[in-house]
Amino acid sequence: MNKNLVKKVREFYQREFTATPIEIFSPGRINLIGEHTDYNDGFVFPAATNKGIVIALQKSTATTSTVWALDKSEVLIFSQDNKQPKETGSWKDYVYGVVSEIQKLGKQVGDFNAVFAGDIPSGSGMSSSAALENALVFGLNSLFDLQLSRAEMILISQRAEHNYVGVKCGIMDQYASMYGKENHALLLDCKTMEATPFKIDFNPYEILLINTNVKHNLSESAYNERRKVCEKVAKQTGVSSLRGLSLEKLYLSRNTISTEDYQKVLYVLEENRRVYHFAEAIKRKDIHTMGALLFQSHNGLRNQYNVSCSELDFLVDKAKKNEYVIGARMMGGGFGGCTINLVAKCEIDNFKKEIATHYKNTFQKECSFYQVSLAKGTHRI
Ligand code: GLA
């Protein structure tokens, strides 16, 4: 957690509201492997990072609530009895969403003043949205003693995303952000919602994120479309989710499914297996198998699930050609954001230099590099 961020938020809060707030840190996440499997009741392998959102909040004596997004210098003032959500297409939807979803459970949220800021690079696919949702619901839970469990809070965050932001996301981001554990990644079964923490030490390799610094427009609609395809095929094959579909059964149904849909569903089934094999490889400290699985995952996301883009493919292709990079793939929903790479520590600087130059020459824009550490989930500071 970035101490300067906490200081910045605290000082602004005290200047603006002359009160001592409670403060929450909620992290962004990475995902080792298991992409687009969460909403199919499958397996994912995320971890919370040291980059996240800090929110300071306190009850308000006014009849309105005020929320400051410090990084944007924007403020939202709304009244609880006139909390009609507006489709703003901005961070404000997350605030309306979380407050409204809490209220739908019959819980009373009073007026409050909040200030938040973060250091998750925007558009990086590290889920600043889940971090914000969790930070707010966690803060309101403490402030108004709502007696919500962590499990209930992540469902509120997810519903805010579904009903106010319009992305029919799975549970991975909210789960990882809420339950993250220092130096660990969580092997999460999205069907049972049970997670097994794995200590992560890839020495002599290290995780390097490379941000394409692009976010293509179709990402949200394409995301929802993918989800629909999966649900359609699940229904067609008589299972409640793709988790219940075997490779054999999918193969036997191949004549009733379009080639594109077949490939997408096949990807999901194969990705679930890759997550399992990745976990087994961690146990054996078999870094070569882990790396190979990352490349395979990217291949599936690119050619079968069709959620990659030329910038992401470029970065993964370059990684593949470098003997010091053992694995790489796009991370998150796709159509931009980051790749996750396993790079030999001693060669990280050279690899960065090489990529930076080639990326700039090819796309006339900069890419960015992040080395994150794996951190604790949403908590009071
Ligand atoms: C986004 C969603 C997650 C998950 C990933 C893809 O981050 O919010 O629920 O589906 O995409 O794995």
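No value in this document is a laboratory result; all are computed from the given coordinates. Predicted model, so just to flag it, every value in this text is computed and none were measured. Note that each Cβ is placed from the backbone with ideal geometry, even for glycine, and that neighbours are counted across all protein chains shown.
The table below lists the values:
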{"read-out": "Radius 15 Å from Cβ of residue 148, net charge of other residues (Lys, Arg +1; Asp, Glu -1)", "value": "+1"}
{"read-out": "The range 205-371: C-alpha pair distances exceeding 25 Å, %", "value": "38 percent"}
{"read-out": "Distance histogram in 20 Å bins (all Cα pairs of the chain, percent per bin)", "value": "29, 56, 15, 0"}
{"read-out": "Principal axis dimensions, largest first and in whole angstrom, of the range 84-197 by Cα", "value": "38, 32, 25"}
{"read-out": "Over the chain: helical MRE at 222 nm, DSSP H runs n ≥ 4 each giving -39500 (n - 2.57), nearest 500", "value": "-13500 deg cm²/dmol"}
{"read-out": "Dipole magnitude of the chain, debye to nearest 20 (Cβ charges: Lys/Arg +1, Asp/Glu -1, about Cα centre)", "value": "200 debye"}
{"read-out": "Potential extension, residue 373-residue 349 segment - 0.36 nm per residue separation minus Cα distance", "value": "6.9 nm"}
{"read-out": "Where labels lie 7 Å past Cα in the beta-carbon direction, separation of residue 214 and residue 228 in nm", "value": "2.5 nm"}
{"read-out": "Cα pair distances in the range 3-199, grouped into 10 Å bins until the bin that holds the longest one, percent each", "value": "9, 38, 37, 14, 2"}
{"read-out": "GluC sites (Glu not before Pro), loop per DSSP, at most 12 other Cβ atoms within 10 Å - longest free stretch of the chain", "value": "88-322"}
{"read-out": "Low-density loop positions, trypsin sites (Lys or Arg not before Pro), the range 203-279 - DSSP coil, at most 11 other Cβ in 10 Å", "value": "none"}
{"read-out": "Which listed pairs, of 320/365; 191/249; 199/365; 92/168; 3/104; 199/345, have C-alpha distances above 27 Å, in listed order", "value": "199/365; 3/104"}
{"read-out": "Choice from 251, 262, 175 showing the highest fluctuation, given a GNM over the chain with Cα pairs closer than 10 Å", "value": "251"}
{"read-out": "Additional length obtainable on full extension of the chain from residue 320 to residue 163, 0.36 nm per residue less Cα span", "value": "52.6 nm"}
{"read-out": "The range 19-126: projected area of the alpha-carbon convex hull, averaged over directions, in nm²", "value": "8.5 nm²"}
{"read-out": "Centre separation in Å (Cα based) which lies between the range 1-38 and the range 287-325", "value": "31 Å"}
{"read-out": "Local electrostatic count, residue 204, Cβ distance below 12 Å [Lys/Arg +1, Asp/Glu -1]", "value": "-1"}
{"read-out": "Residue with peak Gaussian network fluctuation, the chain [Cα springs, cutoff 10 Å], from 169, 367, 346", "value": "346"}
